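Notes follow once the structure below has been shown.
Bear in mind that the values in this text are calculations on the coordinates, not laboratory data. These numbers come from a predicted model, not from an experiment. Methodologically, a virtual Cβ is constructed for each residue, glycine included, from the backbone with ideal geometry; neighbour enumeration extends over all protein chains shown.
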Amino acid sequence: MATRSQYHHGNLRRALVVAARRYVAQGRLDWSLRDIAKDVGVSSAAPYRHFEDRDALMDAVAADVAEELATVLDAASAQCRGRPSIAVLARAYVKFAGERSREFRACAERGESSVAVLTPVWQKLADAWAQSARGAGGAHWLGARACIHGAAVLAAAGADPGDLDEALARLARVAG
């Protein structure tokens, strides 16, 4: 059971997202908005001022996870000193998915909502691909993205990191 948060007339929307994300990270998928409200310390009606239903809160959780993933990619890119390396960014993406598997799946398995929240993340990868892929260019980007995202999904499912790393190394060689 999650502990009661320290929320007190602050940013309720953010407190609700954090509480729901904590439940997701713990593998609890059986929660309701009433559970989240109780955890945060507000009335059971309060979450409805920010979220129409549980699904809307899960969309906000997915967006929050995607924002964190984008920050991870920015940090990986900053370590490249110069142009971002698709290999470095792809490994960071897959590592995040493996280490934060429940949260990554909550972000990546929401259908159209996932595409919407992951598009800015994929754009960071696309930019690195464009700078890395001498000659492979945009025509191969969709396949590269499928490989990277597929490796992340496999990492989140518990696939062998060594096998995934080898696949990403091959992809990086294709890029240039």
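Considering helices alone, the calculated mean residue ellipticity of the chain at 222 nm is -22500 deg cm²/dmol, with DSSP H runs of length four and up weighted by -39500 (n - 2.57) and normalised per residue. With only the Cα atoms considered, the stretch 13-77 has a convex hull volume of 78 Å³ per residue.
Relative to the longest principal axis of the Cα atoms of the chain, the long axis of helix 54-78 makes an angle of roughly 40 degrees. Of the peptides 20-28, 95-103, the ranking by mean beta-carbon count within 10 Å, highest at the top, reads 95-103, 20-28. I want the local charge near S114. Using Cβ-Cβ distances under 12 Å, sum +1 for each Lys or Arg and -1 for each Asp or Glu among the other residues. Summing Lys/Arg as +1 and Asp/Glu as -1 gives -1. Normalised size of the stretch 73-155, defined as Cα radius of gyration per 2.2 N^0.38 Å with N residues, equals 1.06. Only Lys, Arg, Asp and Glu carry charge here, each on its Cβ (+1 for the first two, -1 for the last two); on that basis the chain has a dipole of about 360 debye about its Cα centre. Among A60, A144, A45, the largest mean-square fluctuation in a Gaussian network model of the chain (Cα springs under 10 Å) belongs to A45. The phi torsions of the stretch 22-32, fed into the Karplus equation with coefficients 6.51, -1.76 and 1.60 and a -60° offset, translate into couplings of 4, 4, 4, 4, 7, x, 7, 10, 9, 7, 10 Hz, rounded to whole numbers, with Gly and Pro shown as x. Direction-averaged projected area, Cα convex hull, the stretch 17-118: 7.1 nm², rounded to one decimal. With N the number of residues in the chain, Rg(Cα) / (2.2 N^0.38 Å) evaluates to 1.16. Using the empirical formula 2.2 N^0.38 Å as the baseline, the Cα radius of gyration of the stretch 51-107 reaches a ratio of 1.32.
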